[in-house]
1. How would region 51-113 be classified by its alpha-carbon gyration tensor: rounded, prolate or oblate, with rounded meaning a/c under 1.5 and the a/b versus b/c comparison settling the rest?
2. Extension gain residue 63-residue 110, at 0.36 nm per residue separation less the Cα-Cα distance, in nm?
3. Can you tell me the length gained on complete extension of the stretch residue 70 to residue 103, counting 0.36 nm per residue apart and subtracting the Cα distance?
4. Once fully extended, how much extra length lies between residue 95 and residue 41, figured as 0.36 nm per residue of separation less the alpha-carbon to alpha-carbon distance?
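Each value in this text was obtained by applying a stated rule to the coordinates, not by laboratory testing. Keep in mind it's a predicted model, so treat the numbers as computed, not measured.
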Amino acid sequence: MKKNMSHKNGTESSSKPLHRYTAKLLHCYTATLAAFPSLFFSPEEMAPLQISHAPLVLSGILYTDPTHWSVWLNGEVIRPETIREDFHIEAVTPTSVTLLRTSSGLAETLHLQGNE
């Protein structure tokens, strides 16, 4: 049963135009809100919080002991004496690598296993 609303002038209208108006209004505000990544921080305050790195792919580990190993990250051989500015290898096991990756003063610990 469809319910119609009566106006003072005697004309009737369905609730569909109201739903369309509401949907358009919500769409308008949703698009505006989606343009802002945060309700609490400005873009300048968000910039240092956003860490964006190229993905790291561990394709191989050659492990002898905790001080003698080689790992292949993104096709590059990394050894204990290798110095990198973007990350530091914390630990290597026969099946995994733990590294500390830094950017803009923020650090994240990653634990990678072969072919990840």
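1. Working: a/c = 1.87, a/b = 1.69, b/c = 1.11.
Because a/c hits 1.5 or more and a/b exceeds b/c, region 51-113 counts as prolate.
2. Working: separation 47, 0.36 × 47 = 16.92 nm, distance 1.86 nm.
That pair, residue 63 and residue 110, stretches by 15.1 nm at full extension.
3. 9.5 nm
4. Details: separation 54, 0.36 × 54 = 19.44 nm, distance 4.06 nm.
Gain on extension, residue 95 to residue 41, equals 15.4 nm.
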